[in-house]
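The values are calculated or read from the model by the stated rules, or taken from the named source; none is laboratory data. For clarity, every value in this text was computed on a predicted model and none was experimentally measured. In this analysis, Cβ positions are derived from the backbone assuming ideal geometry, glycine residues included, and neighbour counts consider all displayed protein chains. We work out accessible area using only protein heavy atoms, side chains counted, and drop any ligands, DNA or RNA first. Shrake-Rupley method; radii C 1.70, N 1.55, O 1.52, S 1.80 Å.
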Amino acid sequence: MHSADLLRTHGDGIASGKPGVGRAHGKLILLGEHAVVYGAPALVVPVPQLTATATATRLPAAGTGPDRIALAMAGPGSVTPLATDGMLHLVTEFEKRAGLTVRVDLFIESTILPGRGLGSSAACARAAALALADAYGQELSAAEVYELVQLSERVAHGRASGIDAVATGAVSPLVFRDGIAQKVPGGAAEHPHAAFVIADSGVRGSTKDAVQLLTSRFARDAELRDLFVTGVTDLTTGALRDLEHGDLAGFGRRLTENHGLLRELGISTGHIDSLVEAALTAGSLGAKITGGGLGGCMVALAADTAAAEAIAGSLRAAGATRTWMVPATNGGVRAEPTNGSK
Ligand code: PMV
């Protein structure tokens, strides 16, 4: 079935039973994107203020035709065929695992802009998996939810480390490596007002293209891959030490160094580089591109809320289309628990 078959209007058909609901949120990679695909550790924080909510309404009379799954998405930015293809794989795998055939109206509402490196596709997939499970009375373990999201993510990204699948359901900062997520140990308590400023370059990036770009480069040059992975591993490990010691300036420097490594590999853009410069000039302790790249967002570390506001103002003056502020506590955000997770 082509993804276009899925893009039908939400709300047709007659509802059967209470709709299932699933929720997930955005994420912000502070260090380690791309290198995490090759085994380096990455540091990621949940962004609970950016949300994806899925509602799965069961429709009566199980059928097997392509119209048994109606998918609609609402939110900023347009839905890509890749996202809908991924979602179809997710639904089919859910059916296989649950041993049933679904006939469902799946509506996903997201405030996470797609193509900005903030985990839009994984959050939508996670919300959808939880909504389906809720609608069909299925208990999914955390591992099963992860696998369903990963399946969808592999369609969207080509090659996915799993960091987004975990972080879009996480309630605290995580270090992610080789499929395993660990909570970030506390630290930096002496900087309770530190904040991350996220700025949107206004240009949609493509994680799939960026991942593919590096796959091709590294296939030709394994030494370059090893240098990148070792360099990022050192930065993430060092950043965790900085957090433990409350060294916010050291942590910030590593963000900027990580940006340099990603830029050298062609993952950044001229516009993002200029936003990084603008943030540093405005007093940011460190700044870098975040997520898949080739567009999307950058992140800047601010020592306190006043500095964050000044940096956000400079970023908008330098052409950022929007900015968000994410308060940092103990090296991460004050995340609220997500509802709908089992
Ligand atoms: O662009 P996003 O939000 O999908 O982040 C992708 C992170 C990568 O490291 C580039 C890919 C991955 O699967 O780890």
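For the chain, the Kirkwood radius over C-alpha pairs fed into Stokes-Einstein at 25 °C and 0.890 mPa s yields D = 122 µm² per second.
Applying D = kT/(6 pi eta Rh) to region 141-213, where Rh is the Kirkwood radius over alpha-carbon pairs, T corresponds to 37 °C and eta to 0.692 mPa s, the Stokes-Einstein value obtained is 224 µm²/s.
The per residue volume of the convex hull around the alpha-carbon atoms of region 195-236 is 90 Å³. Here region 264-311 and region 226-263 have alpha carbon centers that stand 15 Å from each other.
Based on DSSP H segments of at least four residues, each scored -39500 (n - 2.57), the chain has a per-residue ellipticity at 222 nm of -13000 deg cm²/dmol.
Secondary structure note: in the chain, about 85% of the DSSP beta bridges are antiparallel.
Within the chain, the selection of entire DSSP H helices by a Cα span of 15 Å or greater along the long axis and an average Kyte-Doolittle value of at least 0.5 returns 120-135, 270-281, 305-317. Residue-normalised convex hull volume from the C-alpha trace of region 176-267: 124 Å³ per residue.
When the Cα atoms of region 84-180 are aligned to their principal axes, the ranges along those axes come out at 36, 26, 25 Å in descending order.
Accessible area of Glu33 (1.4 Å probe, protein heavy atoms only, ligands and nucleic acids ignored): about 0 Å². Of all lysines in the structure, the ones whose alpha carbon falls short of 30 Å from that of Lys18, not counting any fewer than 8 places away in one chain, are Lys27, Lys96, Lys342.
Taking all protein chains together and a probe of 1.4 Å, list Glu144, Glu223 from the most accessible to the least accessible.
Working: Glu144 60, Glu223 130 Å².
My answer, sorted largest first, is Glu223, Glu144.
Here the relative contact order of region 192-342, from alpha carbon pairs under 8 Å that lie six or more residues apart, stands at 41 percent.
Where Rh denotes the Kirkwood radius from the mean inverse Cα pair distance, what is Rg over Rh for region 85-124? Intermediate values should be presented prior to the final figure.
Values: Rg = 12.4 Å, Rh = 11.7 Å.
Taking Rh as the inverse mean 1/r over Cα pairs, Rg/Rh reads 1.06.
Placing dummy labels 7 Å off each Cα toward the beta-carbon, the span from Arg204 to Arg97 is 2.9 nm.
Projected label points at Ala74 and Arg154, each 7 Å from Cα along the beta carbon direction, are separated by 3.3 nanometres.
Per residue Cα convex hull volume for region 18-168, in cubic angstrom? Walk me through the numbers on the way to the answer.
Values: hull volume 15.4 nm³, N = 151.
With only Cα atoms used, region 18-168 gives 102 Å³ per residue.
Sequence gap at least 6, Cα distance under 8 Å: using those rules, report the relative contact order of the chain to the nearest whole percent.
Values: 834 pairs, mean separation 79.6, N = 342.
That works out to 23 percent.
From the largest down, region 213-286 spans 39, 30, 11 angstrom on the principal axes of its Cα atoms.
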